[in-house]
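Engineer: Could you have a look at this structure, given as C-alpha cells, before my questions?
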Amino acid sequence: MMTLKKGYAGIDIFRFIAAIFVIAIHTAPLADLSSTAEFVFTGIICRVAVPFFLITSGFFLVREDASYKKLLSFIKKTAVIYLISIVLYIPINVYMGYFSMENAVFEIIKDIFFDGTLYHLWYLPAAITGGAIAFLLVKKLGTKWAAAITLLLYLLGMVGDSLFGLIEATPAGAVYNAVFAVVGSSRNGIFFTPIFFVLGAIIAKREPLSLKKSLLGAVISYILLFFEAMALRDAALFRRDSMCIFIFLLPLIYFLFSALCGVKGERKALLRDSSMIIYIIHPFVIVVLRFVSELLGIDGVIIENNLVNFVTVTVLSVIAAFVISAVMGLFKKNGARKREETAKEQEKEPVAEPV
C-alpha cells in the first residue's frame with residue numbers, strides 16, 4: 001500500500017471507515033432486519049462519519065496563528081471538488097427532474113449554497129462555510145470564545161432539528177420554518193459544522209489525552225449518545241431523521257478523534273485519498289447499480305435486499321475509488337517529474353551577463 005511519512009495513521013484509516021459509514025447511511029443495510037437495528041447502526045454508530053471528516057479538517061486547518069492563505073487554499077480545494085461533483089451529478093439531476101421543479105431557480109441557488117445539488121453534497125458547501133466561520137472566530141476571538149459561539153449555534157440547530165417537536169406549534173417553530181425555507185435545515189455550515197472545526201483546533205492546541213483516556217471517553221460518550229438518540233426517537237421530536245443533531249455527539253467525536261491521533265505510524269495515502277472519492281461517487285454507483293440490475297433482471301437480489309445492496313455498492317465504490325486514486329497518483333508523479341526536468345534544463349541554460 002502506498003504510504004507517506006510517519007504521522008497520523010489512525011486518522012487515515014478511520015477516513016476510510018467513515019466513508020463506508022456514509023455508504024451505510026445511504027443504503028440502510030439493516031432495514032430488512034428491523035427499523036430499530038437500522039436506526040442504531042446508521043442513526044447512531046455511523047453518525048460519527050461526517051463529524052469525523054469535519055474535525056479532521058479543523059485539526060489541520062484552524063489555528064490562532066494560521067495564515068489566511070491556508071483558509072483560502074482550503075476553500076479553493078473544496079470548491080473545486082464541489083464544482084466537479086455538481087457537474088458529475090447533472091445527468092442524475094436531469095433524470096430526477098431536478099431542473100423542472102417548482103421555483104427551480106431559487107431552489108437550485110439554495111442547494112448550491114446550503115443543501116447540495118444531490119443529497120450527499122451538502123457536506124462540501126457546509127465545510128466551506130463552517131470552516132471559514134470557525135477559522136475567523138478562532139483567529140479573531142481565540143479558541144475559547146470560538147468554542148462558545150459555535151456551541152451556541154450547534155444548540156440552536158439542535159432545537160430546530162432533534163427537539164423541533166417541542167416548539168413546532170410555537171412562534172419559535174414558525175421562525176425556524178422561515179429560516180429553514182432559506183437554508184434548508186440545521187445540517188449546514190452555520191449551525192452544524194463550525195463546532196467540529198473548532199473541536200479540531202482545540203485538540204491541536206492542547207496536550208493530547210492518553211489513548212486509554214480517549215478510548216474510555218469515546219465508549220462512555222457512545223453509550224450516552226445511544227440513550228439520547230433512542231429517547232428522542234421514541235419521543236418523536238425529530239424534524240427530520242436524515243441527520244439528527246445530538247449533544248453527546250460532541251464529546252464522542254472529541255474523544256474518538258483524540259484516540260485516533262494517538263495511533264501513529266506510516267501515513268496511508270491510498271486510504272486518505274480514496275475516502276473522499278468514495279464519499280463523492282457512491283450515489284453515482286447506487287444509481288448505475290440499480291439501472292444495470294433492473295436491466296439484467298437481478299434487482300430483486302441486488303437492490304431489494306438492503307444488506308446485499310450495501311455490500312455491493314461498497315465494493316464497487318471502493319474499487320472505483322482505488323482506481324481513480326491510482327490514476328491521479330500517476331498524473332501527480334508525471335507532473336512532478338516534468339517539473340523537475342524543466343528545472344534541471346533551466347539550470348543548464350547559460351545566464352546572460354549584465355551589460
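Engineer: Could you pull out the residue among ILE247, ILE253 that is out of contact with any Lys or Arg (no Cβ under 7 Å at 6 or more places or on another chain), surrounded by 22 or more Cβ atoms within 10 Å (Cβ to Cβ) and closer than 24 Å to VAL159 by Cα?
Structural biologist: The conditions single out ILE253.
Engineer: Okay, moving on. Looking at (1) exposed (fewer than 15 other Cβ atoms within 10 Å of the Cβ); (2) part of a helix (DSSP H, G or I), find the lone condition where ASP65 falls short.
Structural biologist: (2)
Engineer: One residue is enough: does segment 61-76 have a residue meeting the conditions of a type in the set (Asp, Glu) and without any contact (Cβ under 8 Å) to a residue 60 or more places away in the chain?
Structural biologist: yes
Engineer: Shifting gears a bit: Give the residue that is surrounded by the most Cβ atoms within 10 Å (Cβ to Cβ), with candidates limited to residues of segment 127-179 that are among the hydroxyl-bearing types (Ser, Thr, Tyr) and assigned to a helix (DSSP H, G or I).
Structural biologist: THR150
Engineer: Now for a different question. Quick one: how many residues across segment 203-254 are over 28 Å from LYS144 (Cβ atoms) and part of a loop (DSSP other than H, G, I, E, B)?
Structural biologist: 7
Engineer: In the set VAL311, VAL285, which member is buried (at least 17 other Cβ atoms within 10 Å of the Cβ), aliphatic (A, V, I, L, M) and in contact (Cβ under 8 Å) with a residue 12 or more places away in the chain?
Structural biologist: Residue meeting the stated conditions: VAL285.
Engineer: Identify, please: which residue in segment 287-312 is of a type in the set (Val, Ile, Thr) and assigned to a helix (DSSP H, G or I) and is, among those, farthest from ALA24 (Cα to Cα)?
Structural biologist: VAL292
Engineer: Out of the residues in segment 288-306 that are surrounded by 15 or more Cβ atoms within 10 Å (Cβ to Cβ) and of a type outside the set (Val, Ile, Thr), which is nearest to ALA49 (Cα to Cα)?
Structural biologist: In this case the residue turns out to be ASN306.
Engineer: Looking at LEU30 and the list (1) in contact with a helix residue (DSSP H, G or I) (Cβ under 8 Å, 6 or more places away or on another chain); (2) among the hydrophobic types (A, V, I, L, M, F, W, C); (3) part of a helix (DSSP H, G or I), which single condition is not satisfied?
Structural biologist: That leaves (3) as the condition not met.
Engineer: I would also like to ask the following. Being surrounded by fewer than 14 Cβ atoms within 10 Å (Cβ to Cβ) and closer than 21 Å to LEU54 by Cβ is the requirement here; does LEU225 meet it?
Structural biologist: For LEU225, the condition - surrounded by fewer than 14 Cβ atoms within 10 Å (Cβ to Cβ) and closer than 21 Å to LEU54 by Cβ - is not met.
Engineer: Can you confirm whether LYS70 is surrounded by 13 or more Cβ atoms within 10 Å (Cβ to Cβ) and basic (Lys, Arg)?
Structural biologist: It is true that LYS70 is surrounded by 13 or more Cβ atoms within 10 Å (Cβ to Cβ) and basic (Lys, Arg).
Engineer: THR36 - would you say it is hydroxyl-bearing (Ser, Thr, Tyr), closer than 22 Å to ILE253 by Cβ and either modelled with pLDDT of 95 or more or assigned to a helix (DSSP H, G or I) (or both)?
Structural biologist: Considered against the rule, which asks whether it is hydroxyl-bearing (Ser, Thr, Tyr), closer than 22 Å to ILE253 by Cβ and either modelled with pLDDT of 95 or more or assigned to a helix (DSSP H, G or I) (or both), THR36 comes out as no.
Engineer: How many residues are surrounded by fewer than 20 Cβ atoms within 10 Å (Cβ to Cβ), free of Cβ contacts under 8 Å to residues at least 60 places away in the same chain and outside any loop (DSSP other than H, G, I, E, B) when one looks only at segment 96-126?
Structural biologist: Number satisfying all stated conditions: 11.
One line per residue, one yes/no per condition, for (1) surrounded by 15 or more Cβ atoms within 10 Å (Cβ to Cβ); (2) hydrophobic (A, V, I, L, M, F, W, C); (3) within 29 Å of PHE135 (Cα to Cα); (4) over 17 Å from the mean Cα position of the chain (by Cα):
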{"site": "THR27", "(1), (2), (3), (4)": "yes, no, no, no"}
{"site": "LEU30", "(1), (2), (3), (4)": "yes, yes, no, yes"}
{"site": "SER34", "(1), (2), (3), (4)": "no, no, no, yes"}
{"site": "GLU38", "(1), (2), (3), (4)": "yes, no, no, yes"}
{"site": "GLY58", "(1), (2), (3), (4)": "yes, no, yes, no"}
{"site": "PHE74", "(1), (2), (3), (4)": "yes, yes, yes, no"}
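Engineer: With the checklist (1) surrounded by 14 or more Cβ atoms within 10 Å (Cβ to Cβ); (2) part of a helix (DSSP H, G or I); (3) in contact with a Phe, Trp or Tyr (Cβ under 9 Å, 6 or more places away or on another chain) in hand, flag the one item VAL182 doesn't pass.
Structural biologist: Every listed condition holds for VAL182 apart from (1).
Engineer: Which residue pairs have Cβ atoms under 8 Å apart, sit 6 or more places apart or on different chains, and have a first residue in segment 230-250 that is at pLDDT 85 or above and a second that is part of a loop (DSSP other than H, G, I, E, B) and not aromatic (Phe, Trp, Tyr)?
Structural biologist: Matching pairs, first to second residue: LEU232/SER162; LEU232/LEU163; LEU232/CYS244; ARG233/ASP241; PHE246/SER162.
The values are calculated or read from the model by the stated rules, or taken from the named source; none is laboratory data. Just so you know, these numbers come straight off a predicted model, no measurement behind them. Please note: Cβ atoms are built from the backbone with ideal geometry, for glycine as well, and neighbour counts cover all protein chains shown.
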